[in-house]
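Everything below concerns the one structure shown next.
The values are calculated or read from the model by the stated rules, or taken from the named source; none is laboratory data. This one's a predicted model, so the numbers in the text were calculated from it and none came from an experiment. Methodologically, a virtual Cβ is constructed for each residue, glycine included, from the backbone with ideal geometry; neighbour enumeration extends over all protein chains shown. To get the accessible areas, we keep the full protein, side chains included, count just its heavy atoms, and leave off ligands, DNA and RNA. Shrake-Rupley method; radii C 1.70, N 1.55, O 1.52, S 1.80 Å.
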Amino acid sequence: MNTELQVTAAGAYEHVINDLASSFDTPIRLTVTNAGGVIKRLQAKEPADVVLTSAAGIAQLVASGLADATTQTEIARVGLGIAVRKGLSLPELDSAAAVRAALLSATRVAFIDPQGGGTSGPWIAKVFDSLDVAGHMSGTGVLSNTGKDVVRAVASGEATLGLTQATELIGADDVQFAGYLPPEVQVTTVYAGGVSTFATAPEIARRFLEFLKSPAGVEAFRRAGWEVS
């Protein structure tokens, strides 16, 4: 009987892990939630061999004895991006002023709820503060728990513009990726992985983390919009 590797991951990883799963030598069962949900699932000891979330989240899991410190591995980095509904013109995003104009002109903007447990939520709130649009966003915002919720809101027409980690927007069906935020307002998140301390397949889990850092894994992450050193 084949062992099934249980992978619990933050939403930013979803597209690339699905892309890579068929190339790994063990079947993958992927559970996707936001960063806060990853922590809660591990705290509840729900099945997890590999855990993939922000580097800060992995550090928290290691500190609380839920992830093996010897397996703590930086995977890649990703910045914030914007998507719009298909058929709409792509906004200019080459400056902070252009991003501000795009946010203010959008009828509704879907973004990660700063209080919802998603990795990018607090960073997006800081971007809004720096652009002096926080008050406006509180009135036009469609609060979302995950990047998939952002995509769904934009694709359905509930929002005309979505803001979340770029990797959750690139290649997503029914939306157009408009681009990354420019450097002056960009926030890059470091993502990492580890093996849970209650893994049922710890050796396979270690091999999977090595696989993610292999040339094939690095290429898949880069193709999906990640920055890999």
Accessible surface of Arg108 in the full protein assembly, 1.4 angstrom probe, to the nearest 10 Å²?
-> 90
Applying 1/(1 + (r/R0)^6) with R0 = 35 Å to the Cβ-Cβ distance of Asp94 and Thr3, what FRET efficiency is obtained, to the nearest 0.05?
-> 0.10
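Report the GluC sites (Glu not before Pro) located in the range 1-81 that are in a DSSP loop and have at most 16 other Cβ atoms inside 10 Å of their Cβ, or state none. If you can, show how the numbers build up before the last one.
On the way: sites: Glu4, Glu14, Glu74; in loops: Glu4.
Hits after loop and neighbour filter: Glu4.
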Run down the aspartates and glutamates and flag those whose C-alpha is under 14 Å from the C-alpha of Lys126, throwing out any fewer than 8 positions away in its chain.
-> Asp113, Glu184
Using 7 Å Cα-to-Cβ label points, what is the Phe198/Val228 separation (nm, one decimal)?
-> 3.2
Among the aspartates and glutamates, which have Cα under 19 Å from the Cα of Lys86 when same-chain residues fewer than 8 positions away are ignored?
-> Asp149, Glu158, Glu168, Asp173, Asp174
Roughly what would the spin-label model give for Glu74 and Glu184, points 7 Å off Cα along C-beta, in nm?
-> 2.8
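Could you tell me what percent of the accessible area of the range 1-124 is made up of carbon and sulfur, with a 1.4 Å probe and every protein chain present? Don't skip to the answer; put the middle values down first.
Details: 2580 of 5420 Å².
Reported share for carbon and sulfur atoms: 48 percent.
Using helices alone, what [θ] at 222 nm do you get for the chain, with -39,500 (n - 2.57) per DSSP H run of 4 or more residues, divided over all residues and rounded to the nearest 500?
On the way: 9 runs with 83 residues, N = 229.
Counting only the DSSP helices, I get -10500 deg cm²/dmol.
Assuming 0.36 nm per residue, please report the length gained on full extension of the stretch Lys126 to Val218 beyond their Cα-Cα distance. Kindly include the intermediate steps, with their values, before the conclusion.
Values: separation 92, 0.36 × 92 = 33.12 nm, distance 2.99 nm.
The Lys126-Val218 span can extend by a further 30.1 nm.
Run the numbers on the chain and let me know its relative contact order in percent, using alpha-carbon pairs under 8 Å that are six or more apart. Walk me through the intermediate numbers first.
Values: 480 pairs, mean separation 71.6, N = 229.
RCO, the chain: 31 percent.
Ranked from highest to lowest mean number of other Cβ atoms within 10 Å per residue, what is the order of the peptides 117-123, 215-221, 47-53?
On the way: 117-123: 22.4, 215-221: 16.7, 47-53: 26.4.
Top to bottom by mean Cβ count within 10 Å: 47-53, 117-123, 215-221.
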